[in-house]
Amino acid sequence: MASATILPLDSVAYGGDYNPEQWDAETFERDLELMRAAGVNLVSLGIFSWASLEPTEGTYDLDWLAAIIDRLHAAGISVDLATGTASPPVWMARRYPQSLPVTREGVRLEFGSRQQYSPSSSVYRRASAALAGVLAQRFGDHPGVVMWHVNNEYGCHVSECFGEESRAAFRSWLQDRYQTIEALNEAWGTAFWSQRYADFAEVEPPATMPTLHNPSQLLDWRRFNNHQLLGCLLGEIESIRAHSDRPITTNFMGAFPPLDYVQWAQHLDIVSDDHYPDPARPSGAWDVAWQSDLMRGLGDGRPFLLMEQTTDAVQWRTRNSPKRPGQYELWSLQRVAHGADGILQFQWRQSRRGAETFHGGMVPHAGRAGRTWPAVVGLGETLGRLGPVVGARTEAQVAVLVDWQSNWALQAAIGPATEETDFAGAKAWHRTWWELGYAVDVVGTAADLTGYRVVVVPQIFIEDAELARRLTEFVAQGGQVIVTARSFVVDPTMAAVLGGYLGSLRELLGVGVTDVVAATGTPANDGENVAGYVEEPLTPVHRISTAVRTPGGCDVTGVDVVDEDLARAVRDLTGAAEDGLPVAGGRWAEVLAPAGDPAYDYDSGAAARSRETGVDVLARFTAEGGGADLTGLPAITRASHGSGSAYYVATDLDPVGRAGLATLVAQRGAVAPVLADLPEGVEAQRRGEHLFVLNHGDEQVVVPGVTGLDLTTGEHLDGELTLPARTARVVEPTPASPTSEPASAPLTSALPSR
Ligand code: GAL
């Protein structure tokens with residue numbers, strides 16, 4: 001048996017999902033050697049092993065697992081032990097068919113794939129909690145088991161179930177929430193379309209309907225499903241905690257819409273994430289940044305683990321582009337830059353059989369031949385040198401808020417535009433700041449705002465008076481706030497905010513929203529020959545329609561920047577000439593009215609058109625595009641409160657407009673990018689005292705102003721860093737400050753030392 005040769009105590013965790021039960025004993029022996037060669041120090045074990053751990057109901061066979069854990073431990077490889085509950089064995093499906101999930105259409109999902117359990121199934125809940133307990137009892141203080149991996153990607157395939165048990169659970173959840181059926185009727189607005197209930201027993205989930213659903217019912221259904229899956233997690237945590245105090249995680253999937261991860265993260269010791277950005281998209285690097293900033297935010301700034309990525313290509317897209325040469329290491333270091341203390345992959349060994357045969361692995365079908373293995377070993381070596389980074393925090397002065405409940409509500413709302421993508425506003429604004437080179441936190445709406453200079457409130461659809469109060473306080477203390485269209489439109493039951501949208505934010509922003517205009521860009525009535533809409537007018541055949549203009553049929557709303565500072569910011573960014581700045585809005589525009597104007601009549605949209613809003617107007621709608629009927633009305637406003645400001649953006653501002661506004665706001669808020677004057681394609685992030693410089697581009701670049709010890713190569717840099725295409729460097733300032741310490745305990749402190 002090999003001696004303990006794992007990375008040092010404070011090294012970055014490296015490894016992946018390990019499924020030795022799919023292989024023979026000889027391969028296992030080989031794996032130990034290869035793991036050592038690759039610098040692997042942590043594997044996630046047993047994720048899909050339920051059928052081997054409990055072959056028949058209530059009969060557990062853990063000896064094979066114990067032998068593997070012992071051998072790994074002896075080899076210096078720590079274990080992130082999975083509870084194995086993501087895919088119940090066939091006995092559960094056959095003996096308890098009611099544990100299988102039922103779709104919205106009433107179809108029961110069969111055994112033979114994975115995740116075939118209803119989140120409300122009492123059989124599943126009991127059996128999964130029991131298995132977690134049995135494992136924790138046996139391995140809870142095993143020196144090789146350093147953390148727990150509960151289930152796997154909760155809700156990934158099945159996040160709702162319409163089976164009998166789920167429907168009953170929904171009713172009792174509603175009863176707890178509303179207490180009386182009258183309260184439910186009020187919250188769901190059942191006076192509309194004659195939907196009134198006399199008793200909770202009559203209530204059903206929003207399954208397939210004749211036509212439009214009740215938005216309040218749908219929102220509660222999403223809350224309920226989140227609650228049920230969270231209940232599964234908590235059941236397993238309770239079982240583990242009875243026997244083990246090792247840290248617990250469950251792997252997230254970025255901003256996965258069905259689950260409110262802000263809530264979930266509160267129950268975890270370590271936030272971990274699975275992420276498969278598409279290498280075929282130029283926005284892949286942004287995606288890595290976005291998801292990492294979110295994971296860091298979910299853990300209140302603590303380091304997180306990348307629990308899954310692929311070394312090369314996935315197999316589940318229509319076309320599965322491999323990562324480009326260098327990108328595996330580049331994106332891995334990017335995650336470390338953004339706060340990851342561990343880089344793990346799905347999976348250690350590429351499967352020989354099954355649905356994921358052609359998904360990348362650290363040991364591919366070709367073994368050490370081909371380009372994957374050298375990249376795997378290379379990354380292991382690099383991560384092995386990053387011990388000094390572990391535990392340090394990535395600090396940001398800009399925060400972008402996310403709110404799952406608001407995202408659900410925006411999706412549940414029917415109209416005025418129903419093509420919203422999930423978290424679109426947060427993603428767009430995060431991307432703007434990231435592209436400009438600023439460090440950004442993505443945090444929940446209840447996060448502590450102290451320490452930020454800029455807070456972006458993008459499409460926070462549900463009114464939140466407490467958030468309004470905290471934002472007001474933040475601005476009073478000199479903070480800059482950007483609120484975007486579609487914020488504070490409904491209350492938590494989906495009832496529309498009356499008296500002008502923005503509700504409790506109106507005072508801070510100085511404006512309220514009286515009307516909305518959705519520019520659709522596609523014909524509302526396909527096939528109709530509507531003049532001026534999409535098709536050419538058929539003069540004179542369509543004698544009347546030919547004269548009808550429909551500006552709503554555009555993708556954009558014209559926006560004219562009228563504020564000199566904003567115009568300068570846009571010009572500096574784009575090199576555009578004095579007039580004709582390339583800024584536009586999106587498919588959405590809003591009519592603003594001054595907040596608190598006693599003459600302002602909520603019922604009269606016209607009032608807003610004739611009056612200034614009483615705040616600085618930075619940009620106005622023009623006659624172009626879908627905004628034609630809004631010509632001259634404010635598109636971007638600013639209410640100043642001392643040195644603090646509250647901006648409102650009444651449209652889906654395009655990337656140029658967002659970048660211009662962000663630049664202006666950064667100047668006023670005295671926020672600087674991580675490094676100034678970076679070449680195209682280069683990202684910089686600071687983690688603690690270490691500077692990460694990442695070249696996402698295809699050209700070699702020279703980055704000025706970088707001095708220190710390059711941990712990745714051991715080279716001393718003296719004011720200049722040459723960075724080949726798709727490479728990254730981690731620079732430690734020299735001389736190293738003897739007093740600098742990690743801001744928080746390293747995740748890997750639980751790993752045994754070499
Ligand atoms: C994840 C899952 C893994 C594997 C991977 C493939 O969703 O947790 O088990 O299926 O995707 O990309």
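The values are calculated or read from the model by the stated rules, or taken from the named source; none is laboratory data. A quick note: this is a predicted structure, and the numbers were derived from the prediction, not measured. Neighbour counts are summed over all protein chains in view; Cβ atoms, including those assigned to glycine, are modelled from backbone coordinates with ideal geometry. Accessible surface areas use protein heavy atoms only, side chains included; no ligands, DNA or RNA. Shrake-Rupley method; radii C 1.70, N 1.55, O 1.52, S 1.80 Å.
Ignoring ligands, DNA and RNA, please state the percent of accessible area on the chain from carbon and sulfur, probe 1.4 Å.
Values: 15100 of 29890 Å².
C and S atoms contribute 51 percent here.
How tilted is helix 465-476 with respect to the longest principal axis of the chain? Cα atoms for both, answer in degrees (0 to 90, nearest 10).
80
Through the Karplus equation 6.51 cos²θ - 1.76 cosθ + 1.60, θ set to phi - 60°, convert the phi angles of the range 388-393 into ³J(HN,Hα) values in whole Hz; use x for Gly and Pro.
Running phi through 6.51 cos²θ - 1.76 cosθ + 1.60 with θ = phi - 60° gives x, 7, 4, x, 6, 9 Hz.
Over the heavy atoms of residue 331, what accessible area does a 1.4 Å probe trace out, to the nearest 10 Å²?
Solvent-accessible area, nearest 10 Å²: 0 Å².
Given an 8 Å cut-off on Cα distances and at least 6 residues of separation, report the relative contact order of the chain as a percent.
Numbers: 1631 pairs, mean separation 91.8, N = 754.
It comes to 12 percent, rounded to a whole number.
Near the amide H of residue 342, under 5 Å away, which other amide H atoms are found, from residues 5 or more places off or on another chain, if H is placed in the peptide plane?
Residues meeting the criterion, in which the H sits 1.01 Å from N, are 13, 306.
Sum up the charges of everything whose Cβ sits under 9 Å from the Cβ of residue 276, counting Lys and Arg as +1 and Asp and Glu as -1, but leave residue 276 out.
Details: positive: 317; negative: 274, 278, 308.
Net charge around residue 276: -2.
Per residue, what accessible area does the chain have, given a 1.4 Å probe and all protein chains present, in Å²? Spell out each step's value before the answer.
Details: 29890 Å² over 754 residues.
On a per-residue basis, the chain sits at 40 Å².
Using unit Cβ charges (K, R positive; D, E negative) and no other charged atoms, how large, in debye to the nearest 20, is the dipole of the range 276-396 about its Cα centre?
Here the size comes out at about 440 debye.
Of 589, 634, 109, which is farthest towards the positive pole of the chain's charge dipole, taken about the Cα centre with +1 and -1 on the beta-carbons of Lys, Arg and Asp, Glu respectively?
Of the listed residues, the answer is 109.
First check a/c for the range 17-138, with a ≥ b ≥ c the square roots of the eigenvalues of its C-alpha gyration tensor; if it is under 1.5, answer rounded, and if not, answer prolate when a/b is larger than b/c or oblate otherwise.
In terms of gyration-tensor shape, prolate.
Pairing the Cα long axis of helix 215-241 with the longest principal axis of the chain, what angle in degrees results, from 0 to 90 and rounded to the nearest 10?
Orientation of helix 215-241: about 20 degrees from the principal axis.
Projected onto the charge dipole of the chain (+1 at Lys/Arg Cβ, -1 at Asp/Glu Cβ, origin at the Cα centre), which of 450, 234, 372 gives the Cα projection farthest towards the positive end?
Farthest along the dipole direction, towards plus: 372.
I need the phi-derived Karplus couplings for the range 151-167: 6.51 cos²θ - 1.76 cosθ + 1.60, θ = phi - 60°, integer Hz, Gly and Pro marked x.
6, 7, 6, 3, x, 3, 9, 10, 10, 8, 9, 10, x, 4, 5, 5, 5
Which of rounded, prolate or oblate describes the chain when judged by the alpha-carbon gyration tensor and an a/c cut-off of 1.5?
oblate
Mind checking the dipole of the range 33-87: about its Cα centre, +1 per Lys or Arg Cβ, -1 per Asp or Glu Cβ, Debye to the nearest 20?
Details: 2 positive and 7 negative charges, 55 e Å.
Charge dipole, the range 33-87, about its Cα centre: 260 debye, nearest 20.
Could you go through the range 435-444 in sequence order and give the Karplus-derived ³J(HN,Hα) for each residue, using 6.51 cos²θ - 1.76 cosθ + 1.60 with θ = phi - 60°, rounded to whole Hz, and x for Gly and Pro?
Per residue, the Karplus-derived 3J(HN,Hα) values read 4, 7, x, 8, 7, 10, 9, 10, 9, x Hz.
Between 23, 384, 122, whose Cα lies farthest towards the positive end of the dipole of the chain when Lys and Arg beta carbons carry +1 and Asp and Glu beta carbons carry -1, centred on the Cα centre?
23
Taking the Cβ of residue 305 as the centre, find all other residues whose Cβ is under 12 Å away and add up their charges (Lys, Arg: +1; Asp, Glu: -1).
With Lys, Arg at +1 and Asp, Glu at -1, the net is -3.
All other residues with a Cβ under 13 Å from the Cβ of residue 81 taken together, and with Lys, Arg as +1 and Asp, Glu as -1, what is their net charge? Spell out each step's value before the answer.
Numbers: positive: 138, 246; negative: 17, 70, 80, 141, 236.
Overall, the nearby charge balance is -3.
Solvent-accessible area of residue 620, probe 1.4 Å, all protein chains present, reported in Å² to the nearest ten, please.
Roughly 60 Å² of residue 620 is accessible to a 1.4 Å probe.
Which value, in Å² rounded to 10, gives the accessible area of residue 324 with a 1.4 Å probe and all protein chains present?
Approximately 100 Å² of residue 324 is accessible to the 1.4 Å probe.
Amide H of residue 444: which non-local residues (sequence gap of 5 or more, or other chain) have their own amide H closer than 5 Å, using H built in the peptide plane?
The answer is 402.
About its Cα centre, what dipole magnitude does the chain give when the only charges are +1 on Lys and Arg Cβ and -1 on Asp and Glu Cβ, stated in debye to the nearest 20? Before the final figure, lay out each step's value.
Details: 57 positive and 94 negative charges, 218 e Å.
Its charge dipole is roughly 1040 debye.
Taking H placed 1.01 Å from N in the peptide plane, check which residues at least 5 places from residue 715 or on another chain put their amide H under 5 Å from its amide H.
Amide H neighbours of residue 715: 710.
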